[in-house]
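Notes follow once the structure below has been shown.
The values are calculated or read from the model by the stated rules, or taken from the named source; none is laboratory data. Just so it is clear, the structure is predicted and the values come from calculations on it, not from any experiment. Heads up, the Cβs are rebuilt from the backbone with ideal geometry, glycines too, and the neighbour counts pull from every protein chain shown. We work out accessible area using only protein heavy atoms, side chains counted, and drop any ligands, DNA or RNA first. Shrake-Rupley method; radii C 1.70, N 1.55, O 1.52, S 1.80 Å.
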Amino acid sequence: MVTFLLVLTLLAISVGAEDGLNINITILENATAQGAVCLDGSPPAYYLDKGFDSGLSNWIIMLDGGGWCSTIIECQNRSSSIVGSSTKMKNQSMFGGILHNTPQQNPDFYNWNRVRVGYCDGSSFTGDVQEVDPENKLFYRGARIFKAVMEDLWIKGMQNAKNAILTGSSAGGLATILNCDKFKSFFPDDVKVKCVANAGFFINAKTIFGTSYIQEMYHKVVTLHGSAKNLPPSCASAMEPSLCFFSAACYSICSDSTFYY
């Protein structure tokens with residue numbers, strides 16, 4: 001059983017520049033062969049600082065956040081930015097907080113394998129549309145990106161994991177929830193797998209004008225990105241798929257997961 005620890009706060013993931021740890025980017029050029037690409041067609045990317053000593057067999061993977069795109073225009077705008085193209089991502093990422101490599105900054109995970117996954121699809125790593133419109137040349141392949149990154153990390157040592165944590169904040173927190181069962185499926189039953197979603201709990205409420213803006217926006221995201229088939233089956237089969245973006249909606253029916261507040 002996958003356990004979600006939904007928390008309102010998480011240890012800071014950034015610290016002052018003088019204390020930061022700069023990690024080089026890894027571009028997954030070979031992922032393009034399986035169609036795992038960012039909105040603009042560039043290959044996905046992540047940052048990895050390898051574990052050491054007692055943490056060599058432990059992994060913590062953080063999914064970046066950055067909202068969503070629900071229309072072609074929004075996705076086109078994202079495709080020329082850090083949240084839509086790996087060509088716009090920094091060559092180095094500063095690792096702080098739960099990604100730092102010192103016990104002073106990060107007493108629990110400092111010697112684990114620590115990964116930060118770039119977010120460049122706009123669907124919380126759920127999209128998968130094979131066709132590419134020749135006019136806008138946008139790729140909706142978030143689910144393929146998640147799979148490609150995990151497979152690459154598997155080869156780089158995650159196959160030997162004893163403990164594994166998937167985490168993220170905001171859109172990355174939602175991605176943590178929606179991809180947790182997939183993440184767990186990579187590992188044997190004897191591996192301890194946890195998912196920690198930070199600020200990934202979004203409320204299905206009307207605006208002050210009485211409109212259902214966020215519900216309508218999520219519906220557009222799921223439709224545009226072809227996300228329905230990549231959402232937790234226990235949720236997507238029981239309700240309109242875009243409602244699965246609201247964690248509370250599937251709380252009582254998502255049998256594969258237990259939620260703690």
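Placing +1 on each Lys and Arg Cβ and -1 on each Asp and Glu Cβ, with no other charges, gives the chain a dipole about its Cα centre of roughly 120 debye. Of the residues THR26, THR211, the one with the largest accessible area comes first in the ranking THR211, THR26, computed with a 1.4 Å probe on protein heavy atoms. The modelled label-to-label distance between GLN104 and GLN130, using points 7 Å beyond Cα along the C-beta direction, is 5.5 nm. Computed over the range 104-261, relative contact order equals 21 percent, with contacts defined as Cα pairs under 8 Å that lie 6+ residues apart.
Taking 7 Å steps out from each Cα toward its Cβ at ASN160 and GLN34 produces label points 2.2 nm apart.
Surface calculation, 1.4 Å probe, protein heavy atoms: LYS156 sits at approximately 90 Å² accessible.
Can you classify the range 135-212 as rounded, prolate or oblate using the Cα gyration tensor, where a ≥ b ≥ c are the square roots of its eigenvalues, rounded means a/c under 1.5, and otherwise it's prolate if a/b beats b/c and oblate if not?
Details: a/c = 3.53, a/b = 1.57, b/c = 2.25.
Oblate, because a/c is 1.5 or more while a/b does not exceed b/c.
Can I get the semi-axes of the range 44-184's equivalent ellipsoid? Compute them from the C-alpha gyration tensor as square roots of 5 times the eigenvalues, in angstrom, largest first.
Details: eigenvalues 167, 47, 31 Å².
The three semi-axes for the range 44-184 are 29, 15, 12 Å.
Centroid-to-centroid, using Cα positions, the range 190-207 and the range 114-181 are 15 Å apart. The Cα atoms of the chain cover 51, 41, 36 Å along the three principal axes, with the biggest extent listed first.
With the cut-off at 1.5 for a/c, could you classify the range 108-261 from its C-alpha gyration tensor as rounded, prolate or oblate? Numbers along the way, then the final one.
Numbers: a/c = 1.88, a/b = 1.33, b/c = 1.42.
Cα axes put the range 108-261 in the oblate bin.
Each Cα pair under 8 Å and six or more residues apart adds its separation to the average, and for the range 112-199 the resulting relative contact order is 27 percent. Spacing of the modelled spin labels on SER185 and THR223, each 7 Å from Cα toward Cβ, amounts to 2.7 nm.
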